[in-house]
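Visitor: Sharing a structure below in structure tokens format, with a few things to ask.
The values are calculated or read from the model by the stated rules, or taken from the named source; none is laboratory data. Predicted model, so just to flag it, every value in this text is computed and none were measured. Neighbour counts are summed over all protein chains in view; Cβ atoms, including those assigned to glycine, are modelled from backbone coordinates with ideal geometry.
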């Protein structure tokens, strides 16, 4: 029987953002959907990340700054990123939750999904932004390497480019970061030419997509760019920054990915994990601001992780041209594109 772990802690609901798109109901809607659909999952209670685990990614002065703002009752890290009294503890547990997802797939689970908040992929080494406090997936990647896994693949299908993750690992050839994101859109990064530096060229694969991209375009990119690169990279674990603001119903994005589309993307990712790293696959929640759409997308991903992958087909000529552009930029680094 397939074992799927769901990492969750009630402290995630205590990160109080007020009247803000990134709110606690995002999690409760997903939990309700898992229950109403009768999904076969096992809940995992995480522990908070340690200061040292966070400091593997973030400067200690920044960590202290977040704690101090929360101890004073809350405030803003930037105009978009709200902290409340309990946000520091929630953020430490969010990173700890993504660590727990990694540990789960190293200890017998087939896949794991960390239902955490605040999200993380915009968080830079020394500042939070874009609703994000600590970079959960980056902390988890370093933890995986601390447990002996050498090469980590991070896949990010949030509508916004994960500029924090891209920045943190930009000169690290042991981490392959692959991102599809709407462009132009916040935060304005993630160009095709952002391929890595200092010997890590090619390990950052950024695929900016125009608003209006749907299932066919996304699946073309994942099958024709991600899959061959991942098979050549041969990761020891696959991590997913699972943002759902690419859904066609999301109020903050302009993409038209369907619920089935998310399941199909998850199916490609599962295939990569099965072939490359004994199925080791862990996801962590990023964006997604239509409660019903996000819950449906997460459920579709969980089903795909368990082998129930929807059929999605079609061709998008505009995306075919973008694929050619990305391959041309990356062909010096990957034999699959030569």
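Visitor: Suppose we filter the stretch 313-338 for residues that are in contact (Cβ under 8 Å) with a residue 60 or more places away in the chain and in contact with a helix residue (DSSP H, G or I) (Cβ under 8 Å, 6 or more places away or on another chain); how many remain?
Guide: Of the residues in the stretch 313-338, the ones in contact (Cβ under 8 Å) with a residue 60 or more places away in the chain are 313-316, 318-320, 322-323, 325-327, 329-330, 332-337.
Narrowing further to those that are in contact with a helix residue (DSSP H, G or I) (Cβ under 8 Å, 6 or more places away or on another chain): 313-316, 318-320, 322-323, 326-327, 330, 334-337.
Summing the residues that are in contact (Cβ under 8 Å) with a residue 60 or more places away in the chain and in contact with a helix residue (DSSP H, G or I) (Cβ under 8 Å, 6 or more places away or on another chain) in the stretch 313-338 gives 16.
Visitor: Hey, does the stretch 139-156 have a residue that's surrounded by 24 or more Cβ atoms within 10 Å (Cβ to Cβ) and part of a loop (DSSP other than H, G, I, E, B)?
Guide: Within the stretch 139-156 (the criterion being surrounded by 24 or more Cβ atoms within 10 Å (Cβ to Cβ) and part of a loop (DSSP other than H, G, I, E, B)), the answer is no, since none of the residues qualifies.
Visitor: In the stretch 157-169, which residues are closer than 26 Å to residue 217 by Cα and either out of contact with any strand residue (DSSP E or B) (no Cβ under 7 Å at 6 or more places or on another chain) or part of a loop (DSSP other than H, G, I, E, B) (or both)?
Guide: 157, 158, 159, 160, 161, 162, 163
Visitor: Separate question: What residue, among those in the stretch 300-312 that are in contact with a helix residue (DSSP H, G or I) (Cβ under 7 Å, 6 or more places away or on another chain) and assigned to a loop (DSSP other than H, G, I, E, B), is modelled with the lowest pLDDT? If you could, list the steps in order and put the result at the bottom.
Guide: Here is the first cut: in the stretch 300-312, the residues in contact with a helix residue (DSSP H, G or I) (Cβ under 7 Å, 6 or more places away or on another chain) are 300-301, 303-305, 309-310, 312.
From the residues that got through so far, the ones that are assigned to a loop (DSSP other than H, G, I, E, B) too are 309-310, 312.
On the way: 309: 97, 310: 97, 312: 92.
Result: 312.
Visitor: Also, quick follow-up: Could you please let me know if residue 190 is in a helix (DSSP H, G or I), closer than 25 Å to residue 79 by Cα, within 18 Å of the chain's Cα centre (by Cα) and in contact (Cβ under 8 Å) with a residue 12 or more places away in the chain? Break it down stepwise before answering.
Guide: On the way: in a helix (DSSP H, G or I): no; closer than 25 Å to residue 79 by Cα: yes; within 18 Å of the chain's Cα centre (by Cα): yes; in contact (Cβ under 8 Å) with a residue 12 or more places away in the chain: yes.
Answer is no for this residue.
Visitor: Kindly check whether there is at least one residue in the stretch 195-204 that is closer than 21 Å to residue 143 by Cα and either part of a strand (DSSP E or B) or modelled with pLDDT under 95 (or both). Give the steps one after another, and end with the answer.
Guide: As a first pass, look at the stretch 195-204 and keep what is closer than 21 Å to residue 143 by Cα: 200, 203-204.
So of that shortlist, the ones also either part of a strand (DSSP E or B) or modelled with pLDDT under 95 (or both) come out as 204.
Taking every residue of the stretch 195-204 in turn, at least one turns out to be closer than 21 Å to residue 143 by Cα and either part of a strand (DSSP E or B) or modelled with pLDDT under 95 (or both).
Visitor: Can you pull out every residue in the stretch 17-32 that is free of Cβ contacts under 8 Å to residues at least 24 places away in the same chain and either buried (at least 17 other Cβ atoms within 10 Å of the Cβ) or in a strand (DSSP E or B) (or both)?
Guide: Here is the first cut: in the stretch 17-32, the residues free of Cβ contacts under 8 Å to residues at least 24 places away in the same chain are 19, 23, 28.
Once the filter is applied, which keeps residues that are free of Cβ contacts under 8 Å to residues at least 24 places away in the same chain and either buried (at least 17 other Cβ atoms within 10 Å of the Cβ) or in a strand (DSSP E or B) (or both), the stretch 17-32 yields only 23.
Visitor: May I pose another question? Considering only residues that are within 21 Å of the chain's Cα centre (by Cα), part of a loop (DSSP other than H, G, I, E, B) and surrounded by fewer than 17 Cβ atoms within 10 Å (Cβ to Cβ), which ones fall in the stretch 38-47? Explain how you work it out, then say what you get.
Guide: Kept after step one, since they are within 21 Å of the chain's Cα centre (by Cα), are these residues of the stretch 38-47: 41-47.
The next check asks that each one be part of a loop (DSSP other than H, G, I, E, B); those that pass are 41, 45-47.
Answer for the stretch 38-47, where residues must be within 21 Å of the chain's Cα centre (by Cα), part of a loop (DSSP other than H, G, I, E, B) and surrounded by fewer than 17 Cβ atoms within 10 Å (Cβ to Cβ): 45, 47.
Visitor: Need at least 2 residues that are more than 22 Å from residue 283 (Cβ to Cβ) and either touching a residue at least 60 places away in the same chain (Cβ under 8 Å) or touching a strand residue (DSSP E or B) at 6+ places or on another chain (Cβ under 8 Å) (or both) per element, so show me which helices (runs of 4 or more DSSP H) inside the stretch 48-117 make the cut, counting only ones lying wholly within it.
Guide: Working: elements: 51-55, 60-71, 87-106.
Of the helices (runs of 4 or more DSSP H) lying wholly inside the stretch 48-117, those with at least 2 residues that are more than 22 Å from residue 283 (Cβ to Cβ) and either touching a residue at least 60 places away in the same chain (Cβ under 8 Å) or touching a strand residue (DSSP E or B) at 6+ places or on another chain (Cβ under 8 Å) (or both) span 60-71, 87-106.
Visitor: Mind listing whichever residues of the stretch 125-138 are surrounded by fewer than 24 Cβ atoms within 10 Å (Cβ to Cβ) and in a loop (DSSP other than H, G, I, E, B)?
Guide: Going through the stretch 125-138, the residues surrounded by fewer than 24 Cβ atoms within 10 Å (Cβ to Cβ) turn out to be 125-127, 129.
Listed by number, the residues that qualify are 125, 126.
Visitor: Now a separate question. Residues to consider are 260, 249, 295, 320; find the one that is within 29 Å of residue 26 (Cβ to Cβ), over 16 Å from the mean Cα position of the chain (by Cα) and assigned to a helix (DSSP H, G or I). Walk me through it before giving the result.
Guide: Numbers: 249 fails: assigned to a helix (DSSP H, G or I); 295 fails: over 16 Å from the mean Cα position of the chain (by Cα); 320 fails: within 29 Å of residue 26 (Cβ to Cβ).
Checking each option against the conditions leaves just 260.
Visitor: Could you list all residues from the stretch 237-256 that are closer than 20 Å to residue 216 by Cβ, crowded, with 24+ Cβ neighbours inside 10 Å and touching a helix residue (DSSP H, G or I) at 6+ places or on another chain (Cβ under 6 Å)? I'd like the intermediate steps shown before the answer.
Guide: Narrowing the stretch 237-256 to residues closer than 20 Å to residue 216 by Cβ: 243-250, 253-256.
Pick out the ones that are also crowded, with 24+ Cβ neighbours inside 10 Å and you get 243-247, 253, 255.
Result: 244, 247.
Visitor: What number goes with the only condition from (1) at pLDDT 95 or above; (2) out of contact with any strand residue (DSSP E or B) (no Cβ under 9 Å at 6 or more places or on another chain) that residue 316 does not pass?
Guide: (2)
Visitor: Go through the stretch 263-291 and count every residue that is assigned to a helix (DSSP H, G or I), surrounded by fewer than 20 Cβ atoms within 10 Å (Cβ to Cβ) and out of contact with any helix residue (DSSP H, G or I) (no Cβ under 7 Å at 6 or more places or on another chain).
Guide: Number of matching residues: 2.
Visitor: Got a sec? Which of 35, 53, 65, 72 is surrounded by fewer than 24 Cβ atoms within 10 Å (Cβ to Cβ), modelled with pLDDT of 95 or more and in contact with a helix residue (DSSP H, G or I) (Cβ under 8 Å, 6 or more places away or on another chain)? First the steps, then the outcome.
Guide: Values: 35 fails: in contact with a helix residue (DSSP H, G or I) (Cβ under 8 Å, 6 or more places away or on another chain); 65 fails: in contact with a helix residue (DSSP H, G or I) (Cβ under 8 Å, 6 or more places away or on another chain); 72 fails: in contact with a helix residue (DSSP H, G or I) (Cβ under 8 Å, 6 or more places away or on another chain).
After ruling out the rest, the residue left standing is 53.
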